[in-house]
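Engineer: Quick one: the structure is below, and I'll ask about it shortly.
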Amino acid sequence: MFDARGRANQVSSINKKHRFAGVQSSIELVMLCQICNKRTATIHLTEITNGLRNEMHLCEYCAVEQGIAAKSQVSINELLSGLLAVQPSDEEMFGPSEEKKSCPICGFALDQFRKEAVLGCPNDYEFFENALLPLIEKAHNGKTSHCGKIPSRMPQGAKEQIKLANLQQQLDVAVRKEDYEEAARLRDKIKQLES
Amino acid sequence: MKLTDISNDINEWFNGSGPLSDIVVSSRIRLARNLAGHKFLSRCSTTEKSEILTKLKEVLMSLDLGDKIFYISVDKASDLNRDFLVERHLISRHHAAGRGPRGVVIARREFFTAMINEEDHLRIQVLKAGCQLSKCYEQINHIDDMIEQKIGFAYSPRFGYLTACPTNLGTAIRCSVMLHLPALKMTGQIEKFFHAARDMGLAVRGLFGEGTEAASDLYQLSNQISLGVSEEAIVSEFENTIIPEIVEYENAARKELLSKQVDTLDDKISRAMALLQSAHLISSHEALFLLSHLRLGINMYERMGATTPALKRLRDLAELPRDKSGKGADEDKGLSITTINRLFMLTLPAHLQLNYGKPLDPTHRDALRAQIIRSVLNKET
């Protein structure tokens, strides 16, 4: 059924349900796998071959056996990419300790973030740092610290510290790119600032 | 200063000038800022919002921008005025639809606007015609410095500028360019642009709101990552990598139209001319669609020296003596990129109604729009 020829004229869609995903499929009841009849079917395959529709409901194990789904690592990370659209519950996402916390300054709690997608006050970044870091990382392509403008009002010491962090970050990039000329320039600048 | 003082002409950044302006219509940079010592807006009472508004308004109105600046209260503005500000790109749709005390500070020449109490306390933006992102950044950075002299922003050494939504965190910068990509669409390659944008981690939006990009072929392309990369690096990536790549795609598609698909091109341009010259009722959507084709046609004979039969007729139309009194130099008449851009903007619903002096139902708007376009294309006086 899944040979190379068959694939050419079939449209298949794999709708993988995950226990963290908030989206409900059209099948609400727990369904058993068509092959083993033991485990819950989590993979629902709709196949249209020459105009004929065929549905299959398989458990993850049998699906892998059948070569339908690659042993999936569709992990929480993957699901979080739909971050603001489909949110896991706070407990699942952040662990039980974060769930009930609320910011002492603005009273903001994480379930509000899920609803509104905005935070309550600048302090939330510090207060909910553990919970927010994975989201920040995801939104900014793996980056979790600032590189760029420093307000002129910052005290001189703090300013230099940030400048140093910025340079260090640029140095890492230069080394990764194997741009050693730039790396040497940055290293000298860092030395100069440190002394 | 009243909105009707600006509503009967296009703004500077939309006048079709500037580097690479046949494809890059305009450049825009926006910075998001929040006041230190205040909550983000979702947790602010009306009183606190008013307090923030008063503080920021005072600072902004005292800036020396080399232009007159004025303030508009968005919460007190009429629906029509709000729609006008959105069409004009002076405020966002989100700001127009928001709640509570909020406003916008605008430079008379519209190169600078500052939204107060949008998603963040302050969102400033600088716009310029053509591909000029580094100039935009230079100017907005200077303005940001001037504001910071007078008021402190929420900032952490670790995360940079703190914004209400973590997706804007860090530099809190958004660079965007408005691109006119009709040939990619005509040759069925617009997907290429979407893929390129996605691969580079960029967002694509329509110019005049959701869904309009398909009509006007005007797309807004912007960065999504704002943390861990400096402002200069983001701007330079746009100017040196992203924009040249997309300009090259569009230029290749324009050449392909001339070498392999002349009939497709000429058909679109002839139809656009015929319809715009004769229609008596025209929707905003249809006008955007047809004007986009004329804009492409003018760029093709002006910049590429192309001379297909339809392009020749379009050029003849554009170069026709304006009127007998010798007022041929009158820029309001005749066809050029500037007049096409003007028609794009001035025939949008809120512009039409504001310039007419009162609200109009859709059919009357369609009639007025068609009349304005006919008068420019047919040189009616």
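Engineer: I'd like the residue in the stretch A:122-140 that is within 16 Å of B:ALA172 (Cβ to Cβ) and either basic (Lys, Arg) or not in a helix (DSSP H, G or I) (or both) and, out of all such residues, is farthest from the chain's Cα centre (by Cα).
Structural biologist: It comes out as A:PRO122.
Engineer: Pick from B:THR187, B:THR167, B:THR163: which is facing chain A (nearest Cβ under 8 Å), in contact (Cβ under 8 Å) with a residue 40 or more places away in the chain and either under 28 Å from B:LEU60 (Cα atoms) or out of contact with any Leu (no Cβ under 6 Å at 6 or more places or on another chain) (or both)? Before the answer, list the steps.
Structural biologist: Working: B:THR187 fails: facing chain A (nearest Cβ under 8 Å); B:THR163 fails: facing chain A (nearest Cβ under 8 Å).
Result of the check over B:THR187, B:THR167, B:THR163: B:THR167.
Engineer: Applying the selection to the stretch A:139-166, what residues are at the interface with chain B (Cβ under 7 Å from one of its Cβ atoms) and either touching a residue at least 24 places away in the same chain (Cβ under 8 Å) or aromatic (Phe, Trp, Tyr) (or both)?
Structural biologist: Hits for the stretch A:139-166 are A:ALA139, A:SER145.
Engineer: Could you go through the stretch B:120-133 and let me know if any residue there is on the phi > 0 side of the Ramachandran plot and more than 14 Å from chain A (Cβ to nearest Cβ).
Structural biologist: Filtering the stretch B:120-133 down to residues on the phi > 0 side of the Ramachandran plot leaves B:130.
Filter once more, so that each one left must be more than 14 Å from chain A (Cβ to nearest Cβ): B:130.
Among the residues of the stretch B:120-133, at least one is on the phi > 0 side of the Ramachandran plot and more than 14 Å from chain A (Cβ to nearest Cβ), which makes the answer yes.
Engineer: Residues that are among the hydrophobic types (A, V, I, L, M, F, W, C) and more than 26 Å from A:LYS115 (Cα to Cα): find the helices (runs of 4 or more DSSP H) completely inside the stretch B:1-97 holding 1 or more of those.
Structural biologist: Numbers: elements: B:4-7, B:46-61, B:79-87, B:93-97.
Where helices (runs of 4 or more DSSP H) fall fully within the stretch B:1-97 and carry at least 1 residues being among the hydrophobic types (A, V, I, L, M, F, W, C) and more than 26 Å from A:LYS115 (Cα to Cα), they are B:4-7, B:46-61, B:79-87.
Engineer: Of the conditions (1) buried (at least 23 other Cβ atoms within 10 Å of the Cβ); (2) touching a helix residue (DSSP H, G or I) at 6+ places or on another chain (Cβ under 7 Å); (3) touching a residue at least 40 places away in the same chain (Cβ under 8 Å), B:GLU119 clears all except one; give me its number.
Structural biologist: (1)
Engineer: If you take the residues of the stretch B:31-56 that are touching a Pro at 6+ places or on another chain (Cβ under 8 Å), over 11 Å from B:THR163 (Cα atoms) and of a type outside the set (A, V, I, L, M), which of them is nearest to the other protein chains (Cβ to nearest Cβ)?
Structural biologist: B:LYS49
Engineer: State the number of residues belonging to the stretch B:122-148 that are in contact with a Gly (Cβ under 7 Å, 6 or more places away or on another chain), part of a strand (DSSP E or B) and either among the hydrophobic types (A, V, I, L, M, F, W, C) or surrounded by 23 or more Cβ atoms within 10 Å (Cβ to Cβ) (or both). Walk me through how you get there before you give the answer.
Structural biologist: Start the filter on the stretch B:122-148 by keeping residues that are in contact with a Gly (Cβ under 7 Å, 6 or more places away or on another chain), which leaves B:128-132.
Checking the rest, the ones that are also part of a strand (DSSP E or B) come to B:128-129.
Now narrow it down to the ones that are either among the hydrophobic types (A, V, I, L, M, F, W, C) or surrounded by 23 or more Cβ atoms within 10 Å (Cβ to Cβ) (or both): B:129.
The total comes to 1.
Engineer: Looking only at the stretch A:110-138, which residues are facing another protein chain (nearest Cβ under 7 Å) and modelled with pLDDT under 90?
Structural biologist: Scanning the stretch A:110-138 gives A:GLU116, A:ALA117.
The values are calculated or read from the model by the stated rules, or taken from the named source; none is laboratory data. The shown structure was predicted, so the numbers you read here are calculated from the model rather than taken from an experiment. Positions of Cβ are generated from backbone atoms using ideal geometry, with glycine treated the same way; all protein chains shown enter the neighbour counts.
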